[in-house]
Structures are given as structure tokens and as C-alpha cells.
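Quick notes on the structure that follows.
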Amino acid sequence: MPRPAVPLIRFADRARAIADTGIDRIGVIEAARVPALEQFDSIYSWYGTKNENFREAVRHLPFTFFPAFPVQTHSAPRIEVPRAPLENFAVFHPFSGSARKNWPLENFRQLAARIGIPVRWCAGPEDVLDAAVRIENLYELGCWIATARVYVGNDSGISHLAAAVGCPVVAIFLSTDPKIWAPRGERVAVLENPTVAEAAEAVRAIARRQAEDQ
């Protein structure tokens with residue numbers, strides 16, 4: 001797993017990022033003689049799933065491989081976080097790993113002015129956005145998002161995190177296929193190339209449903 005995702009692994013007493021095990025991301029370690037790996041009873045991996053050379057190199061280790069791409073299942077992923085009182089704010093995360101997936105920032109700003117809920121902006125360490133909340137530990141970020149009334153974001157890992165911790169999510173898709181990449185959950189609304197008005201209605205609707213469920 002990438003190093004930022006390590007705090008999300010809650011089912012194991014210890015976990016390590018792939019970069020901390022000695023495995024070269026683009027190569028195959030010789031005979032896979034890495035003491036850091038040999039200490040584990042079980043190794044769950046999405047790395048090298050389609051790389052037969054890698055799989056052969058680690059055949060002597062307790063690897064279980066999973067598909068490297070999203071697989072549709074009947075259940076939505078869940079990350080358990082401490083239950084905290086909900087606060088009256090919306091989280092807006094207007095970034096992703098690719099600029100072509102990002103709804104225009106000006107649209108997010110217009111949306112923030114129309115939904116009738118205070119907005120707290122969320123950004124990563126390298127994202128350019130003034131007065132944004134920046135929490136690098138993903139588990140701590142998920143705990144904070146879980147206290148919001150609604151989350152709005154692009155096709156991004158943070159949108160999946162928001163859905164997994166149980167926050168109502170409005171996910172905006174522009175260039176990728178939501179049938180494959182959309183966050184899953186009962187309180188997830190997926191919009192494709194929406195107008196600001198359409199996004200505002202979706203945010204208000206999902207916030208109303210959350211209030212009714214309480």
C-alpha cells in the first residue's frame with residue numbers, strides 16, 4: 001500500500017507501506033529476501049497482481065493477492081471511526097489526482113454560496129487553496145469528515161474515504177466512468193458533469209435525508 005494509506009489499516013496490529021519493505025515499485029526484488037516481509041504471518045497485496053515475475057519471486061511468502069482495479073461487490077467498504085456529534089458544516093474537497101477529473105473551482109465556490117450550510121474546505125499538502133483544512137493522516141481526516149453533514153468532491157480517494165466513514169457524499173464525475181470508480185454506499189449521490197444548480201439540489205437533498213434519519 002502507499003505510505004499515506006497505512007493509518008487506514010485498522011484490522012492488523014502492524015502494517016507497513018510497500019516503500020518501507022525494500023520492494024522496488026517498478027522491479028522485482030531478487031529472490032524476495034526482505035526481512036521486513038518475512039516477519040509477517042500474512043501479506044495482503046494489490047501490488048504485482050498482474051506481474052507474474054513478482055508473484056513467482058514471492059511464492060515462498062504468505063501473499064494473498066487481490067485485483068488491482070475496483071471490483072463491484074454487494075457491500076460498500078466501511079472504515080469504522082469513533083462516533084462524534086454531527087456538526088452543521090459541509091466538507092468541500094475540490095481536488096483529485098488528475099486535473100481533468102476536477103470540477104472547476106469556481107463552480108465549487110458558487111455551490112458553497114447556494115447550499116445554505118457553512119462550508120469547510122479540505123485540501124492536500126500540495127493543493128493550492130487558502131484557509132483549507134489539511135490533515136495528512138488519512139484516518140484522522142476520515143474521523144473529521146465523519147462529523148460533517150455532507151461531503152462534496154470529485155472522483156478522488158478522499159471521496160471514497162468520506163463514503164467509507166459514513167458521511168453523505170455528493171461525488172462529481174467529469175472524465176471517468178462512475179460505474180467503475182464511484183464511491184459506494186446508501187448515502188452517495190453521483191453526478192456526471194452537473195450544473196451548479198443541479199449540484200446544489202443534490203447537496204440539499206442528501207442533507208435533508210440525513211436529518212430525517214437522525
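Values as computed for the structure displayed
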item: Count of residues meeting criterion [out of contact with any strand residue (DSSP E or B) (no Cβ under 9 Å at 6 or more places or on another chain) and either among the small types (G, A, S) or assigned to a helix (DSSP H, G or I) (or both)] in region 193-203; result: 4
item: Of all residues making up region 122-147, the number that are crowded, with 21+ Cβ neighbours inside 10 Å and of a type outside the set (A, V, I, L, M); result: 2
item: Of residues in region 148-188 being of a type outside the set (A, V, I, L, M, F, W, C), without any contact (Cβ under 8 Å) to a residue 60 or more places away in the chain and out of contact with any helix residue (DSSP H, G or I) (no Cβ under 8 Å at 6 or more places or on another chain), the one surrounded by the most Cβ atoms within 10 Å (Cβ to Cβ); result: P178
item: Close pairs (6 angstrom Cβ cut-off, 6 or more residues apart or separate chains): basic (K, R) and loosely packed, with under 15 Cβ neighbours inside 10 Å in region 72-93, modelled with pLDDT of 85 or more and not in a loop (DSSP other than H, G, I, E, B) anywhere; result: R78/A164
item: Exclusive hit being at pLDDT 95 or above, part of a helix (DSSP H, G or I) and within 26 Å of R78 (Cβ to Cβ), set I158, I206, I172; result: I158
item: Condition met for E106 (modelled with pLDDT of 75 or more and not assigned by TED's automatic domain parsing to the domain that holds A207); result: no
item: Of all residues in region 95-119 being assigned to a loop (DSSP other than H, G, I, E, B) and touching a strand residue (DSSP E or B) at 6+ places or on another chain (Cβ under 6 Å), the one that is surrounded by the fewest Cβ atoms within 10 Å (Cβ to Cβ); result: I117
item: Hits in region 113-128 (condition: touching a helix residue (DSSP H, G or I) at 6+ places or on another chain (Cβ under 6 Å) and free of Cβ contacts under 8 Å to residues at least 60 places away in the same chain); result: V119
item: W181 modelled with pLDDT of 95 or more, of a type in the set (F, W, Y) and either outside the structural domain of A17 (by TED's automatic domain parsing) or touching an Asp or Glu at 6+ places or on another chain (Cβ under 8 Å) (or both); result: no
item: Residue list for region 189-210, restricted to those being farther than 15 Å from W103 by Cβ, in contact (Cβ under 8 Å) with a residue 40 or more places away in the chain and not charged (D, E, K, R); result: I206, A207, Q210
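The values are calculated or read from the model by the stated rules, or taken from the named source; none is laboratory data. The structure displayed is predicted, hence computed values, not measured ones. Backbone-built Cβ (ideal geometry, glycine too); neighbour counts: all protein chains shown.
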